[in-house]
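Novice: Just passing along the structure, written as structure tokens.
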Amino acid sequence: MTAGSDLGILKEKLAGTRSLTVLTGAGISADSGVPTFRGADGLWRNFRAEDLATPEAFARDPHVVWEWYNWRRELLAAKRPNPAHDALVELERRVPSFWLITQNVDGLHRAAGSRRLSEIHGNIWMVRCTVCGTVEENRDVPIAIPPACGRCGGLLRPHIVWFGESLFADDMARCAAALRDCEVLLVIGTSGVVYPAAGFASVAKEAGAFVADINLEPTPQSSLVDLSLQGRAKDILPLLL
Ligand code: OAD
């Protein structure tokens with residue numbers, strides 16, 4: 001666990017700030033029992049991303065891709081937010097200008113009650129029609145394969161940003177503003193290797209923000225942040241309130 005003095009410094013920063021942006025990754029949901037991508041037993045240690053999470057994979061075999069998402073939906077359906085998610089809901093309530101940027105598609109921030117957020121990699125409980133583009137919620141577990149659009153009958157896909165795809169334009173504009181304007185950026189539970197999110201810490205830092213990260217281990221961004229707290233998000237975040 002991390003040094004008490006660093007915890008105190010960050011706690012004071014958060015209490016005094018009028019504008020906070022938070023970036024989260026799979027590590028914040030690890031404490032809810034959700035597998036990460038690159039840790040021991042991480043999804044990308046057991047599956048090949050290019051076979052399952054690319055537009056080419058879906059074009060080749062939508063059935064296989066949907067089977068994999070059904071497996072993940074089943075796994076996630078039973079998971080609940082943990083004290084780290086709850087702490088961010090409380091920070092949203094306290095800090096006048098707050099924005100949460102998550103790379104997680106599990107929907108746990110929303111389930112905890114976060115509202116000022118961008119799910120920049122999408123949400124596993126949302127589907128999008130490959131023909132008419134309609135986006136809607138679908139919580140079926142399992143989803144019937146192949147799923148069809150209620151409006152036009154076209155094939156539905158997960159509303160998720162796959163490798164090789166661009167992030168949603170609205171999210172990018174909102175996130176750029178949140179990174180440019182924040183006094184404090186908190187980076188939680190991300191390995192910092194997937195762009196553009198991997199570049200967010202340096203964007204905020206260059207714009208003058210105080211940047212802190214919370215992770216079990218150092219990441220490529222740790223050397224540029226002002227303060228690094230090592231430990232579990234669910235243990236550290238409640239202590240910062
Ligand atoms: P990773 O699996 O790459 O990294 C998870 C990070 O969380 C690691 O740095 C761990 O050290 C840290 N961690 C694990 N447990 C933790 C805990 N209890 N408390 C704090 N930190 C903890 O996941 P991401 O960085 O989120 O993309 O991965 C980024 C993207 O790559 C994902 O959004 C996903 C994946 O391909 C899509 O699904 C589009």
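Novice: GNM, the chain, Cα, under 10 Å: largest mean-square fluctuation among C132, C182, C149?
Specialist: C132
Novice: May I pose another question? Under a straight-distance cross-link criterion of Cα-Cα below 30 Å, which lysines are reachable from K205, leaving out those fewer than 8 residues away in the same chain?
Specialist: Qualifying lysines at Cα under 30 Å: K11, K13, K234.
Novice: Take the alpha carbon atoms of the chain, find their radius of gyration, then divide it by 2.2 N^0.38 Å using N residues; give the quotient.
Specialist: Taking N as the residue count of the chain, the ratio is 1.02.
Novice: Could you give the nm distance between label points at V193 and N138, where each point is 7 Å from its Cα heading toward the beta carbon?
Specialist: The modelled label-to-label distance comes out at 3.1 nm.
Novice: If I stretch the segment between S5 and A78 completely, what's the gain in nm (0.36 nm per residue apart, minus their alpha carbon distance), one decimal?
Specialist: Details: separation 73, 0.36 × 73 = 26.28 nm, distance 3.69 nm.
Extending this stretch completely gives an extra 22.6 nm.
Novice: Assuming a viscosity of 1.002 mPa s and a temperature of 20 °C, what translational diffusion coefficient in µm² per second does Stokes-Einstein assign to segment 1-90, Rh being the Kirkwood radius over Cα pairs?
Specialist: 133 µm²/s
Novice: Moving on. I need the Debye-formula profile for segment 117-241: one equal scatterer per C-alpha, no solvent, reported as log10 I(q)/I(0) at q = 0.23 1/Å, two decimals.
Specialist: Here log10 of I(q) over I(0) equals -1.28.
Novice: Which percent of the accessible heavy-atom area of segment 1-46 goes to carbon and sulfur, probe 1.4 angstrom?
Specialist: C and S atoms contribute 49 percent here.
Novice: Determine the per residue accessible area of the chain with all protein chains present and a 1.4 angstrom probe, expressed in square angstrom.
Specialist: Spelled out: the 1.4 Å probe surface of the chain, per residue, equals 46 Å².
Novice: State the percentage of accessible surface on segment 98-241 attributable to carbon and sulfur atoms; use a 1.4 Å probe and exclude ligands, DNA and RNA.
Specialist: Percent of accessible area from carbon and sulfur atoms in segment 98-241: 51.
Novice: Mind checking which of A112, A207, A87 has the largest fluctuation in a GNM of the chain, springs on alpha carbons under 10 Å?
Specialist: With Cα springs under 10 Å in the chain, the top fluctuation among A112, A207, A87 is at A207.
Novice: Grab the alpha carbons of segment 108-176, take their convex hull, and tell me the volume per residue in Å³.
Specialist: Dividing the Cα hull volume of segment 108-176 by its residue count gives 113 Å³.
Novice: Which aspartates and glutamates have a Cα less than 14 Å from the Cα of K79, not counting those fewer than 8 places away in the same chain?
Specialist: D31, D106
Novice: Given the chain, what percent of its DSSP beta bridges are antiparallel, to the nearest 5?
Specialist: 25 percent
Novice: Over the chain, what is the relative contact order in percent, taking alpha-carbon pairs closer than 8 angstrom and at least six residues apart? Before the final figure, lay out each step's value.
Specialist: Values: 437 pairs, mean separation 64.6, N = 241.
This gives 27 percent for the chain.
Novice: Same structure again: With a 10 Å radius around each residue's Cβ, average the other Cβ atoms per peptide and rank 214-221, 73-80, highest first.
Specialist: 214-221, 73-80
The values are calculated or read from the model by the stated rules, or taken from the named source; none is laboratory data. Computed from a predicted structure; not experimentally measured. Using ideal geometry, Cβ is built from the backbone for each residue, glycine included, and neighbour counts are taken over all protein chains shown. Just so you know, the surface numbers come from the protein's heavy atoms only, side chains and all, with ligands and any DNA or RNA stripped out. Shrake-Rupley method; radii C 1.70, N 1.55, O 1.52, S 1.80 Å.
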